[in-house]
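Peer 1: A single structure is presented below for examination.
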Amino acid sequence: MFPLAEKDKPIARFLFSTGTCPRCIFRFCCVDFHAPYKLPYQDLIRELENFLKTEDDDLTLEATKPPLKKIRLQDGEAQIDDCSQNGGEMTAIVKDENMMLEKSYLNACNICLGILQEFCEKKFIKKVCQKVESAGYEFTNLVFSVSFPPQLSVREHAAWLLVKQEMGKQGLSLGRDDIVQLKEAYKWITHPLFSEELGVPVDGKSLFEVSVIFAHPETDEDCHFLSTSCPDCFKPAKNKQSVFTRMAVVKALDKIKEEDFRKKFPCPPNSPKSFCSAVEIECAHGAVFVAGRYNKYSRNLPQTPWIIDGERKLESSVEELISSQLLTVFKAESFNFSSSGREDVDVRTLGNGRPFAVELVNPRRVQFTSRDIKELQQKINISSDKIQVRDLQLVTREAIGHMKEGEEVKTKTYSALVWTDKAIQKKDIEFLDDLKDLQINQKTPLRVLHRRPLAIRTRIIHTMETHYIDEHHFRLHLKTQAGTYIKEFVHGDFGRTKPNIGSLMDGTADILELDVESVDVDWPPALND
Amino acid sequence: MGWYVEFWEQLVVWFDWKLRPPSAAGGGRSHAHEARCARRPPLPRGKAEVRGDLSVGLRSLDLAGAELAMAAGAGGIAPAAPSLVDRYFTRWYKADVKGKPCEDHCILQHSNRICVITLAESHPLLQNGKTIKSINYQISANCSRLQNKVSGKFKRGAQFLTELAPLCRISCSDGEEYTVSSCVRGRLMEVNENILDKPSILQEKPSTEGYIAVVLPKFEESKSVTEGLLTQKEYEEVVVKRINNRSETP
């Protein structure tokens, strides 16, 4: 079932004569079903030749120069194999076919520069798959992404103008979008081959991405004329190596007038000497997320690495103690730690702990049972006595939003050890227990003013509960609105938090120790045991 | 407490400070004394260490006698927990600001580079018997520190201060007027408006609630802004020398 009809003949013949490959001919003849593209290249050439056969056939064959011997031998073998599979008939014409085949294969297509030729072959797909296998990823499906050199768009444009003109002669029109996109045709051909080779489906939504970047240095200059025609499309940017990005070229092609293009770029595009090359074949797995709750039992452990002027203040951090273990087990490239709020270096987090989530970037291992995760949690807990982790689980990226919401709206409970300048008795502090929903005004604490806007924020101290210790000390349990600065509420921050424990007691108070007793966020869900 | 401040402000117009009854004269100060004298007992878990230079410094002043000794009354005894200021700030001093004898300033620099401008203990305003009549942040006809507004994380719109920039003028009941200067280059974050309503906190708690202003030095100048200032030790030496000179040449 050769897909071209009689009406396509002039176009097909014309393109073929300019050095265009059969699959690109299909594309420009708007063949939008997959099967023909998947046929072996040799068959396509043969069928196309047959289709285009006319009286002057012999002339075409005569024009074909004999190829190099070596290549002929190699291709001849492949051809014989193929023929035997297909029933092994027509051995007599094998030689002729070889000549035709080599003619096409020696010449890279003037439109796709070889993308729909050798890069559709099993041999290339196998090469990519070997790379995938050796990268050591766990995956159950994949997405295949390709990046073509920008000049392909220029050549595509030139071919389109040409075909449009030819069709115009027949009184037909051809829109830019009527043509089958190169990328589409390439997908139709390669996806089944990947599935077959790797044994998993190709799925656009897969987190596992195999990407190939093609380049064709020989024709890189194809784009250059566009920068004089449409200078405003090619603005240099810091992070770009070249101004000729695919996007910029497509934009410029959209703008340029047909006659200007034709003046400056050959239509049909000339035949290149070489094929594209796959300059980069890479694998990457989308991030996976792990959440849980942590306790922090140390007053010398910051939540994130504490580095001032490039110098480390303390050797570890909560984020590193947790994430380094995850990084190893998930074989990830890097991590991003986030949590529902944070505590100061000298503050402990007790109770059920603080919700956190870790994004594992480009993980090699992603398939875990709940038992695996439980073991991982134990591994973290054994590794340090400064922190403990619970409710460890795999979560989605979206679910992390719950944690951040909680950060702003939920209440927190704390326990503070308070010092007072005045000698106190039990009765002197009891009044604090009776204060409910005390409204306080906090100016941005001096200790964070260098990095936060200066503002006065109103916060609510929902409840307080005092436990008398001695003449100058008591323990204060507080339940507060999220975002309350507790240390400042106790010592007053130079009178910038009003009222404060000192002012309420008509004296001076200071905070000696602070513990977070609970972070009242119900995400991630608690796990049994 | 507001009522008695007002009351005394009225009263001092009529009375020379010497005529005030002893209890009343100390009225404003008693709190400050208590605050500074109150011992901070060792913490239950022996958490903090006292900075050595602090207690030594205070003891040496103790020997020097005079006003400061009272502040350091407890200095020699049990190790105390460091105060809020000692925990997070470094004290820098400038003596005889703008050439005016004894008008010493103390700049508290936080480890995040923020500077809190305060009066040093030895400043005439903090000596016995001074009564503050008014504090004025209007430093010239068209510049008031109260007009300072900062917005956003990057504190746009802040007034820029040089070392010599005046922050406020404080006039006393005895007719003296003192100018408080920034002493550090940087942008003005805020001035302490609390002392306008209640000037006595300036004397009661000069290094905490009685601060004058908050200044944010440029990031690249966070170290250099304190270069011309005295360390706590150097400052104490200046004060001791000053007292000795006074007793030698009466």
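Peer 1: Going by the alpha-carbon gyration tensor, a ≥ b ≥ c the square roots of its eigenvalues, is segment A:412-519 rounded (a/c under 1.5) or, if a/c is not under 1.5, prolate (a/b greater than b/c) versus oblate? Working shown, then result.
Peer 2: Values: a/c = 1.77, a/b = 1.48, b/c = 1.20.
Here segment A:412-519 falls in the prolate category.
Peer 1: If you roll a 1.4 Å probe over the heavy atoms of the protein chains, what accessible area per residue do you get for segment B:84-249, in Å²? Provide the component values of the computation, followed by the final result.
Peer 2: Details: 7150 Å² over 166 residues.
Averaged over the residues of segment B:84-249, the accessible area is 43 Å².
Peer 1: If the viscosity is 1.567 mPa s and the temperature 4 °C, what translational diffusion coefficient in µm²/s does Stokes-Einstein give for chain A when Rh comes from Kirkwood over Cα pairs?
Peer 2: Numbers: Rh = 29.2 Å.
In µm²/s, the coefficient is 44.
Peer 1: Please determine, in degrees from 0 to 90 and to the nearest 10, the orientation of helix A:370-383 with respect to the longest principal axis defined by the Cα atoms of chain A, where the helix direction is its Cα long axis.
Peer 2: Tilt of helix A:370-383: around 50 degrees.
Peer 1: Provide the convex hull volume over Cα atoms per residue for segment A:288-409, in Å³.
Peer 2: 111
Peer 1: In addition: Once ligands and nucleic acids are excluded and a 1.4 Å probe is used, how much of A:F234 is accessible, expressed in Å² to the nearest 10?
Peer 2: A:F234 exposes around 20 Å² with every protein chain in place.
Peer 1: In whole Å, what is the distance between the alpha-carbon centres of segment A:147-172 and segment A:485-505?
Peer 2: Going from one Cα centre to the other spans 74 Å.
Peer 1: List for segment B:152-185: residues with 10 Å² or greater reduction in accessible area, all protein chains versus chain alone, probe 1.4 Å?
Peer 2: Going by heavy-atom accessible area, the residues of segment B:152-185 that drop by at least 10 Å² are B:G152, B:K153, B:K155.
Peer 1: Dipole of chain A, Cα-centred, from +1 at each Lys and Arg C-beta and -1 at each Asp and Glu C-beta, to the nearest 20 debye?
Peer 2: Numbers: 72 positive and 80 negative charges, 210 e Å.
Dipole about the Cα centre, nearest 20: 1020 debye.
Peer 1: With every protein chain kept in the model, how would you rank A:V200, A:V249 by accessible area, 1.4 Å probe, largest at the top?
Peer 2: Numbers: A:V200 20, A:V249 0 Å².
The ranking, largest first, comes out as A:V200, A:V249.
Peer 1: While we're here: In nm, give the distance between the simple-model label positions of A:L52 and A:E282, each being 7 Å from the Cα along the Cα-to-Cβ direction.
Peer 2: Inter-label distance under the simple model: 3.9 nm.
Peer 1: Which whole-number percent gives the relative contact order of chain A, counting Cα pairs below 8 Å spaced six or more residues apart? Let's see the in-between values first.
Peer 2: Numbers: 885 pairs, mean separation 66.0, N = 529.
It comes to 12 percent, rounded to a whole number.
Peer 1: What order do A:D222, A:D434 take when sorted by accessible area (1.4 Å probe), most exposed first? Kindly include the intermediate steps, with their values, before the conclusion.
Peer 2: Numbers: A:D222 25, A:D434 120 Å².
The most accessible residue leads, giving A:D434, A:D222.
Peer 1: Okay, next question. Once you order the gyration tensor axes a ≥ b ≥ c over the Cα atoms, which shape class does segment B:84-249 get: rounded for a/c under 1.5, otherwise prolate or oblate by comparing a/b with b/c? Provide the component values of the computation, followed by the final result.
Peer 2: Values: a/c = 1.80, a/b = 1.23, b/c = 1.46.
It is oblate, given that a/c is not under 1.5 and a/b is not larger than b/c.
Peer 1: Per-residue accessible area for A:K386 at 1.4 Å probe radius, Å² rounded to 10?
Peer 2: 80
Peer 1: Also, I was wondering about something else. Express the relative contact order of segment A:288-409 as a whole percentage, based on alpha carbon pairs under 8 Å and six or more residues apart in sequence.
Peer 2: On the way: 223 pairs, mean separation 48.7, N = 122.
About 40 percent, as a whole number.
Peer 1: Still on this model: Does anything in segment A:147-189 have its amide N under 17 Å from the 7 Å Cα→Cβ label point of A:A237, and if so which residues?
Peer 2: Output list for this probe position: A:148, A:150.
Peer 1: Sticking to Cα atoms, compute the Rg of segment A:107-218 to one decimal and its Dmax as the biggest Cα-Cα distance, whole number, in Å.
Peer 2: 16.7, 56
Peer 1: Right, another one. Mind giving me the FRET efficiency for B:R246 and B:S171? R0 is 22 Å, r the Cβ-Cβ distance, nearest 0.05 is fine.
Peer 2: The computed FRET efficiency comes out at 0.30.
Peer 1: Return the residues of segment A:452-488 for which accessible area with all protein chains present is lower than in the chain on its own by 50 Å² or more; set the probe to 1.4 Å and exclude ligands, DNA and RNA.
Peer 2: A:L454
Peer 1: Compute, for A:H462, the solvent-accessible surface of its heavy atoms (probe 1.4 Å) with the complete set of protein chains present, and express it in square angstrom to the nearest 10.
Peer 2: 50
Peer 1: Rounded to the nearest 0.05, what FRET efficiency do B:Y88 and B:T179 give with R0 = 22 Å and r taken as the Cβ-Cβ distance? Could you check?
Peer 2: Details: r = 28 Å, r/R0 = 1.26.
For B:Y88 and B:T179, the calculated efficiency is 0.20.
Peer 1: Mind grabbing the interface size between A and B? I mean buried accessible area, both sides, 1.4 Å probe, in Å² to the nearest hundred.
Peer 2: Working: alone 27060 and 13880 Å², together 38050 Å².
About 2900 Å² of accessible surface is lost on pairing.
Peer 1: Sticking with this one: Percent of accessible area on segment A:412-519 owned by carbon and sulfur, 1.4 Å probe? Please report the intermediate quantities before stating the final value.
Peer 2: Working: 1950 of 3960 Å².
That share works out to 49 percent.
Peer 1: Which value in Å does the Kirkwood hydrodynamic radius of segment B:133-209 take, with 1/r averaged over all unlike C-alpha pairs and then inverted? Walk me through the numbers before you get to the answer.
Peer 2: On the way: mean 1/r = 0.0746 Å⁻¹.
Final number for the Kirkwood radius of segment B:133-209 is 13.4 Å.
Peer 1: Report, in whole Å, the centroid distance computed from the Cα atoms of segment A:259-335 and segment A:188-230.
Peer 2: 21
Peer 1: Of the cross-linked pairs A:K164/A:K255; A:K498/B:K130; B:K100/B:K241; A:K164/A:K257, which ones have a Cα-Cα span greater than 25 Å in the structure shown?
Peer 2: Values: A:K164/A:K255 18 Å; A:K498/B:K130 28 Å; B:K100/B:K241 16 Å; A:K164/A:K257 15 Å.
Beyond 25 Å between Cα atoms: A:K498/B:K130.
Peer 1: Under 20 Å from the Cα of A:K386, which lysines turn up, not counting those fewer than eight places away in the same chain?
Peer 2: Counting by Cα, and skipping residues close in sequence, A:K386 has these lysines nearby: A:K296, A:K313, A:K374, B:K47.
Peer 1: Set the Förster distance to 22 Å, then compute FRET efficiency between A:E221 and A:E118 from the Cβ-Cβ distance, nearest 0.05. It would help to have the intermediate numbers written out before the result.
Peer 2: Numbers: r = 23 Å, r/R0 = 1.05.
The computed FRET efficiency comes out at 0.40.
Peer 1: Among DSSP bridges having both ends in chain A, what percentage is antiparallel? Round to the nearest 5. Working shown, then result.
Peer 2: Values: 65 of 74 bridges.
Here the antiparallel bridges make up roughly 90 percent for chain A.
Peer 1: Write down the accessible area per residue of chain A in Å², having rolled a 1.4 Å probe over the full set of protein chains.
Peer 2: Working: 25610 Å² over 529 residues.
Each residue of chain A exposes 48 Å² on average to a 1.4 Å probe.
Peer 1: Related question: Expected output is a single nm value to one decimal: the length gained when fully extending between A:R452 and A:T245, i.e. 0.36 nm times separation in residues minus the C-alpha distance. What is it?
Peer 2: Working: separation 207, 0.36 × 207 = 74.52 nm, distance 3.89 nm.
Result: 70.6 nm gained on full extension.
Peer 1: For A:E6, A:E156, give me the order by solvent-accessible area with a 1.4 Å probe, most accessible first, ignoring ligands, DNA and RNA. Walk me through the numbers on the way to the answer.
Peer 2: On the way: A:E6 125, A:E156 15 Å².
Of A:E6, A:E156, the descending order of accessible area is A:E6, A:E156.
Peer 1: Can you tell me the 0 to 90 degree angle between the C-alpha axis of helix A:41-52 and the longest principal axis of chain A, rounded to 10?
Peer 2: The helix A:41-52 is inclined about 50 degrees to chain A.
The values are calculated or read from the model by the stated rules, or taken from the named source; none is laboratory data. Note that the structure is a prediction, hence the values are computed from the model and not measured. Methodologically, a virtual Cβ is constructed for each residue, glycine included, from the backbone with ideal geometry; neighbour enumeration extends over all protein chains shown. With ligands, DNA and RNA removed, areas are computed over all heavy atoms of the protein, side chains included. Shrake-Rupley method; radii C 1.70, N 1.55, O 1.52, S 1.80 Å.
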